Amino acid sequence: MTGPTAAPEPAPGDRRSPWSSTVRRTADGSLEVGGRDVRDLAAEYGTPVYVLDEADLRARARAFVTAFTEAFADLAGADVYYASKAFASVAVDRWVHEEGMHVDVSTGGELAVALRAGVPGDALALHGNNKSDAELERALRAGVGRVVVDSLAEIDRLADLAGRLDLPAPVMVRVTTGVHAGGHAFIATAHEDQKFGLSLASGAARAAVDAVLARPELTLLGLHSHIGSQILDLSAFEVAAGALLRLRAEVAEETGTLMPELDLGGGYGISYTGADAPPAPEEIAPALAGVVRRASADLGTPPPRVSVEPGRAVAGPAGLTLYTVGTVKPVVLDDGGERRYVSVDGGMSDNIRTALYEAEYTAAVAGRRSEAPTVVSRVVGKHCESGDIVVRDVLLPDDVARGDLLAVPATGAYGRSMASNYNLVPRPGVLAVRDGEARFVVRPETEDDLLALDLG
Ligand SMILES: Cc1ncc(COP(=O)(O)O)c(C=O)c1O
């Protein structure tokens with residue numbers, strides 16, 4: 001176990017860097033992103049604010065598309081879906097689509113945003129363990145490219161609906177393979193006790209395939225699995241892909257139907273603190289292609305077209321949150337040591353991941369350079385909850401003070417998308433920066449927005 005560390009300095013091109021690729025220190029020590037000094041951004045747009053580096057996000061989207069297109073060129077090809085739960089907005093869905101991605105949505109809201117962004121229906125995948133009839137109908141009417149079914153009951157509901165609407169319903173079956181991955185480790189178990197998917201081990205996945213084949217209103221595209229999040233060890237995908245390809249071969253042999261597609265989900269890890277070197281798309285794609293090539297050859301079945309669904313790895317590193325420091329309080333610990341509590345003007349309402357998952361982040365004083373010695377600090381929010389922690393432990397300069405700007409990198413995914421109005425704090429806007437220009441792609445909420453919902 002290593003102790004707390006300070007945020008690494010921006011290092012464009014270093015995959016361990018938690019900062020997006022256009023973040024730099026200016027000559028006088030401030031941070032700059034997308035060609036804009038954070039002091040100017042804070043003065044013009046206020047804090048807290050999510051700052052999204054458009055060039056960085058686009059480059060990550062493009063890197064996935066290029067790597068998968070190249071690695072699967074001699075197989076049956078590949079598609080990359082942006083998992084828009086990571087952060088869905090009209091601008092971002094449009095950017096990723098312009099860079100060649102398809103988009104995966106898991107609610108009516110995400111569907112509406114993707115359609116508003118101009119993503120065509122056939123480039124959309126609809127997910128969800130509890131899709132409403134209305135969501136299924138809207139997806140079919142939009143000509144959705146695939147519905148990923150998640151239960152036996154949903155198969156019949158979807159088939160009935162497709163029949164009634166007389167619309168095509170391309171389907172993938174979400175399979176739980178028993179492989180769970182996240183962070184550094186993965187485990188493979190036979191039994192499942194979670195809400196997503198249909199178990200391979202229990203036979204539910206095979207039963208679902210048979211149920212889809214039995215309904216002429218549905219077209220069976222293939223099998224889908226999503227094995228976890230923040231995955232740094234690609235071997236977990238190998239185990240899951242192998243299991244899915246075996247089921248595909250078994251179905252082909254027993255029913256004569258060879259499913260044309262295979263979706264291996266998302267979950268590719270990113271660097272949150274500088275400690276991890278996450279795999280790049282240029283490593284992920286050939287690794288997965290190798291698994292599909294070998295397993296298909298071993299099983300004697302032609303390879304499927306493969307899709308993947310990165311969310312965090314596209315949007316996460318492209319975002320940072322800019323806060324202003326308020327109260328700074330030293331707290332004496334039981335062991336006689338000290339921890340500095342540095343309060344910022346946001347907190348668990350704009351980043352719930354630390355409280356929810358004990359997620360790790362780092363933070364840096366953003367508006368100036370400090371040569372002061374560092375102290376163990378905890379970055380906390382302004383909410384009425386002692387678990388309102390943004391960064392659990394980080395070394396910050398001893399002279400951090402009220403009014404300083406503080407930047408938390410790698411908040412582009414599952415930050416704004418999981419934000420709340422706890423304590424009736426308006427949610428921050430999302431400010432896109434590129435080549436020296438800044439514009440809100442999601443405007444900040446105001447107290448008037450909150451009051452407008454309250455009918456008295
Ligand atoms: C089915 C599915 N696909 C893709 C993702 C995206 O995962 P990540 O953002 O970790 O890449 C998720 C995340 O929960 C998911 O459930």
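The values are calculated or read from the model by the stated rules, or taken from the named source; none is laboratory data. Everything numeric in this text was worked out from a predicted model, so none of it was measured. Methodologically, a virtual Cβ is constructed for each residue, glycine included, from the backbone with ideal geometry; neighbour enumeration extends over all protein chains shown. All accessible areas refer to the heavy atoms of the entire protein, side chains included, with ligands and DNA or RNA removed. Shrake-Rupley method; radii C 1.70, N 1.55, O 1.52, S 1.80 Å.
Looking only at residues that are over 21 Å from L396 (Cα atoms) and aliphatic (A, V, I, L, M) in region 19-49, which one is surrounded by the fewest Cβ atoms within 10 Å (Cβ to Cβ)?
A43
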Could you list, ordered by first residue, the pairs with Cβ atoms under 8 Å in which the first is in region 288-309 and under 9 Å from F72 (Cβ atoms) and the second is away from the ligand (no atom under 16 Å from the Cβ) and in a helix (DSSP H, G or I), at least 6 apart or interchain? L288/A71; A289/A71; V292/L245; P303/V292; P303/R293; P303/S296; V306/A289; V306/V292
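Taking the stated definitions as given, is A91 in contact (Cβ under 8 Å) with a residue 40 or more places away in the chain and crowded, with 21+ Cβ neighbours inside 10 Å?
no
Output the residues belonging to region 302-317 that are away from the ligand (no atom under 13 Å from the Cβ) and either within 30 Å of G182 (Cβ to Cβ) or open to solvent by less than 10 Å² (accessible area, probe 1.4 Å) (or both).
P303, P304, R305, V306
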How many residues are within 16 Å of the ligand (Cβ to nearest atom), open to solvent by 20 Å² or more (accessible area, probe 1.4 Å) and of a type in the set (S, T, Y) if we restrict to region 200-226? 0
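Could you tell me whether any residue of region 232-247 is among the charged types (D, E, K, R), touching a helix residue (DSSP H, G or I) at 6+ places or on another chain (Cβ under 9 Å), modelled with pLDDT of 95 or more and away from the ligand (no atom under 16 Å from the Cβ)?
First, the residues of region 232-247 that are among the charged types (D, E, K, R): 233, 238, 246.
So of that shortlist, the ones also touching a helix residue (DSSP H, G or I) at 6+ places or on another chain (Cβ under 9 Å) come out as 238, 246.
Checking the rest, the ones that are also modelled with pLDDT of 95 or more come to 246.
When the remaining residues are screened for being away from the ligand (no atom under 16 Å from the Cβ), the result is 246.
Yes, region 232-247 contains at least one residue that is among the charged types (D, E, K, R), touching a helix residue (DSSP H, G or I) at 6+ places or on another chain (Cβ under 9 Å), modelled with pLDDT of 95 or more and away from the ligand (no atom under 16 Å from the Cβ).
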Residue list for region 89-113, restricted to those being touching a Phe, Trp or Tyr at 6+ places or on another chain (Cβ under 9 Å) and either within 15 Å of the ligand (Cβ to nearest atom) or modelled with pLDDT under 95 (or both): V92, D93, V96, M101, H102, V103, D104
Would you be able to say whether some residue in region 130-137 is of a type outside the set (D, E, K, R) and within 16 Å of the ligand (Cβ to nearest atom)? yes
Of all residues in region 353-402, how many are within 15 Å of Y323 (Cβ to Cβ), open to solvent by less than 50 Å² (accessible area, probe 1.4 Å) and in a loop (DSSP other than H, G, I, E, B)? 10
Considering (1) modelled with pLDDT under 95; (2) part of a helix (DSSP H, G or I), say which one L288 fails and leave the rest. (1)
Filter region 160-176 for residues that are under 21 Å from the mean Cα position of the chain (by Cα) and open to solvent by 10 Å² or more (accessible area, probe 1.4 Å); which is farthest from P216 (Cα to Cα)? T176
Scope region 145-166; condition within 24 Å of R206 (Cα to Cα) and either modelled with pLDDT under 95 or assigned to a loop (DSSP other than H, G, I, E, B) (or both); matching residues: G145, D150, S151
Those residues of region 329-352 which are open to solvent by 30 Å² or more (accessible area, probe 1.4 Å), within 20 Å of the chain's Cα centre (by Cα) and of a type in the set (D, E, K, R), in sequence order: none
May I ask you to say which residue of S229, S296 is among the hydroxyl-bearing types (S, T, Y) and more than 14 Å from the ligand (Cβ to nearest atom)? S296
Consider only pairs whose beta carbons are under 6 Å apart and that are at least six residues apart or on different chains; among these, list those whose first residue lies in region 27-47 and is under 13 Å from R368 (Cβ atoms) and whose second residue is part of a helix (DSSP H, G or I) and open to solvent by 40 Å² or more (accessible area, probe 1.4 Å). S30/R39
When residues of region 50-60 are limited to those that are touching a residue at least 40 places away in the same chain (Cβ under 8 Å) and surrounded by fewer than 24 Cβ atoms within 10 Å (Cβ to Cβ), the one farthest from Y414 (Cα to Cα): A55
Which numbered condition G267 misses (of (1) open to solvent by less than 60 Å² (accessible area, probe 1.4 Å); (2) within 15 Å of the ligand (Cβ to nearest atom); (3) in contact with a Lys or Arg (Cβ under 9 Å, 6 or more places away or on another chain); (4) within 24 Å of R157 (Cβ to Cβ)): (4)
With respect to R16, is the statement that it is open to solvent by 50 Å² or more (accessible area, probe 1.4 Å), of a type in the set (K, R) and not in a loop (DSSP other than H, G, I, E, B) true? no
Qualifying residue in region 47-54 (condition: of a type outside the set (V, I, T) and out of contact with any strand residue (DSSP E or B) (no Cβ under 8 Å at 6 or more places or on another chain)): no
